[in-house]
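Written out below as structure tokens is the structure these notes cover.
The values are calculated or read from the model by the stated rules, or taken from the named source; none is laboratory data. Everything quoted here is computed from the prediction, not taken from an experiment. Here the Cβ is made from the backbone with ideal geometry for all residues, glycine too, and neighbour counts use every protein chain on show. With ligands, DNA and RNA removed, areas are computed over all heavy atoms of the protein, side chains included. Shrake-Rupley method; radii C 1.70, N 1.55, O 1.52, S 1.80 Å.
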Amino acid sequence: MSESVTPRKIRTHTLRDFKKEGRAITMLTSYDTLSASIFDEAGIDVLLVGDSAGNTVLGYDSTVYTKHEDIVRFTGAVARSCERPLVLADLAFGTYQVSVEEAVRHGVELMQAGAQAVKLEGGREVLPQVEALVRAGIPVCGHLGFTPQSVNQLGGFKVQGRGEKADALLADAVALQEAGAFAVVLELVPAPLAARVTDTLDVPTIGIGAGAGCDGQVLVWQDMAGLSGFKPRFVKAFADLRSNLMRAACEYGDAVRAGEFPSPEHTFEK
């Protein structure tokens, strides 16, 4: 871990302090013990147990199919495997839209699984849920711009907040802050608008496809590491794990078929 990585434990107020200090916030998704422990050691500030697990782990083509029970299980694995990062868990589609009571119940279950905060999508339409969660002692992160759980309503993966819709997105962000949200994720938002929202809010913004003007950045870890093969404009692969894993699997298969593995050094004779 870099010596510049501080403090020893990230809290929601730590992220606000980072914004005041002008220190960029780092966030990656994580759904399992290995990635969580590695990202902890690397000094990543926030681990998001995202409903993106539906796409990256469970094989769905939309986060809509990710179940609450899936996120509860993944949250437990991540929380048990890291110490420093803030563990942020997504409220799955259908767990908070129906009623305030449902939102709080599912939020409590995520916290009991090990999350230190929850994230939900939407603006002013979800303010009652945000306020109720905060009253229940559950820190809430908002999510504006492209909201994957609404992909069918939005008509696909499209940049949000262009033109006349910019003011509405800014108003949503301010409303989320006033309702008690400790941070807001901005996804697929024009960079000038994301910077405007960031300058307006006292709480930090975390961007994904929203430019460098946000207080922090988040990526799906399999995209970041070049494992998924998913390469939209807003993603940079910092490694090529897909090629490395493919090569290792091919070499393993060749060695087994050629009778070269296991060799005597990998065998117990007594």
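A Gaussian network model of the chain, with springs between Cα atoms under 10 Å, assigns the largest mean-square fluctuation among 253, 161, 207 to 253.
Per residue, the chain exposes 51 Å² of solvent-accessible protein surface, assessed with a 1.4 angstrom probe and all protein chains in place.
Please give the charge dipole size of the chain, origin at the Cα centre, charges +1 on K and R Cβ atoms and -1 on D and E Cβ atoms. Round to the nearest 20 debye. Could the numbers behind the result be given before it?
Numbers: 26 positive and 34 negative charges, 65 e Å.
About 320 debye.
Scaled to the globular estimate 2.2 N^0.38 Å, the Cα spread of the chain, given as radius of gyration, is 1.08. Residue 104 sits among other residues whose Cβ lies under 12 Å from its own Cβ, and their net charge, with Lys and Arg +1 and Asp and Glu -1, is -2.
Summarise the accessible area of the stretch 114-270 (1.4 Å probe, protein heavy atoms) by the percent that is carbon and sulfur.
Carbon and sulfur: 55 percent of the exposed surface of the stretch 114-270.
When peptides 114-121, 50-57 are ranked by their average number of other Cβ atoms within 10 Å per residue, the highest-first order is 114-121, 50-57. Cross-link pairs exceeding 23 Å in C-alpha to C-alpha distance, out of 9/231; 158/236; 119/158; 9/119; 67/231; 19/119, comprise 9/231; 67/231.
Filter the trypsin sites (Lys or Arg not before Pro) in the stretch 139-208 down to the DSSP loop ones having no more than 12 other Cβ atoms within 10 Å, then list what survives. Intermediate values should be presented prior to the final figure.
On the way: sites: 158, 162, 165, 196; in loops: 158, 162.
Passing both the DSSP loop test and the Cβ count: 158, 162.
Reported to the nearest whole Å, the Cα centre-to-centre distance from the stretch 51-74 to the stretch 172-230 is 21.
Of the GluC sites (Glu not before Pro) found in the stretch 237-270, those in coil by DSSP whose Cβ has at most 11 other Cβ atoms within 10 Å are 260, 269.
Please sort 97-103, 187-193 by packing, taking for each peptide the average over its residues of neighbouring beta carbons within 10 angstrom, highest first. Don't jump to the answer; show the numbers that get you there.
Working: 97-103: 15.1, 187-193: 20.6.
Ranking, from highest mean packing down: 187-193, 97-103.
Across the stretch 188-258, Cα pairs under 8 Å and at least six residues apart give a relative contact order of 20 percent.
What's the whole-number percent of alpha carbon pairs in the stretch 134-270 lying beyond 24 angstrom?
Value for the stretch 134-270: 48 percent of Cα pairs lie more than 24 Å apart.
Could you compute the FRET efficiency for residue 239 and residue 134, with r as their C-beta to C-beta distance and R0 at 41 Å, rounded to 0.05? List each step's numbers first, then the result.
On the way: r = 38 Å, r/R0 = 0.92.
After rounding to 0.05, the efficiency reads 0.60.
Viscosity 0.890 mPa s, temperature 25 °C: give me the Stokes-Einstein translational D for the stretch 181-234 in µm²/s, with Rh taken as the Kirkwood radius over C-alpha pairs. After rounding, the answer is 213 µm²/s.
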